[in-house]
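Trainee: Here it is, the structure, as C-alpha cells.
The values are calculated or read from the model by the stated rules, or taken from the named source; none is laboratory data. Only a predicted model underlies this, so the values are computations on that prediction, with no experimental measurement involved. The accessibility values were calculated without ligands, DNA or RNA, using every heavy atom of the protein model including side chains. Shrake-Rupley method; radii C 1.70, N 1.55, O 1.52, S 1.80 Å.
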Amino acid sequence: MEIVFAASASREFERLPRDLQILFLSHFEKIQSLQPRRHLKYGIPFHVEKVTREARIIYEIREETLYILHCFEDHKDYEHWYNSYR
C-alpha cells in the first residue's frame, strides 16, 4: 500500500520531535497491515489512529493508497480540528 501525505500532514510530521516521528512511522506500517478501526463521528469521512496518549493520525484509505491527512502532536490541536466539523 502506498502512503501519500497531504501538504498539512507533511508539515505537521516534519515539526514533530524525532522520537515521536519514529512512533508515527511504526503506526503508518500498522495501519497498512490492518483494516481501519476507528471511524470518526459527525459524518467525517476519515479514520483516526491513536499514537500516544495525546498524538493522533487522521487518515483515509482509498484504492490501496493510505492518505495521511493530519499528524497531531497533542490532543488540544486534534480536538480543535475535530470540533470544527460539529
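Trainee: Can you tell me what share of the DSSP beta bridges in the chain is antiparallel? A percent to the nearest 5 is fine.
Mentor: In the chain, approximately 75 percent of DSSP beta bridges are antiparallel ones.
Trainee: Using Cα pairs closer than 8 Å and at least 6 residues apart in sequence, work out the relative contact order for the chain, in percent.
Mentor: Answer for the chain is 33 percent.
Trainee: In the chain, carbon and sulfur make up what percent of the accessible area (probe 1.4 Å)?
Mentor: Carbon and sulfur atoms account for 49 percent of the accessible area of the chain.
Trainee: Roughly what % of Cα-Cα distances in the chain sit above 18 Å, to the whole percent?
Mentor: Counting pairs separated by more than 18 Å, the tail of P(r) holds 37 percent.
Trainee: Straight-line reach from LYS41: which aspartates and glutamates fall under 15 Å, measuring Cα to Cα and dropping same-chain residues less than 8 apart?
Mentor: Candidates past the 8-residue exclusion: GLU49, GLU60, GLU79.
Trainee: Just from its helices, what would the mean residue ellipticity at 222 nm be for the chain, if runs of 4 or more DSSP H residues each count -39500 (n - 2.57) and the sum is divided by every residue, rounded to the nearest 500 deg cm²/dmol?
Mentor: Computed ellipticity for the chain at 222 nm equals -12000 deg cm²/dmol.
Trainee: When ligands, DNA and RNA are left out and all protein chains stay put, how many square angstrom of accessible area per residue does segment 1-64 have with a 1.4 Å probe?
Mentor: Result: 67 Å² of accessible area for each residue.
Trainee: Okay, next question. In whole Å, what is the distance between the alpha-carbon centres of segment 1-60 and segment 66-80?
Mentor: For segment 1-60 versus segment 66-80, the Cα centre distance is 8 Å.
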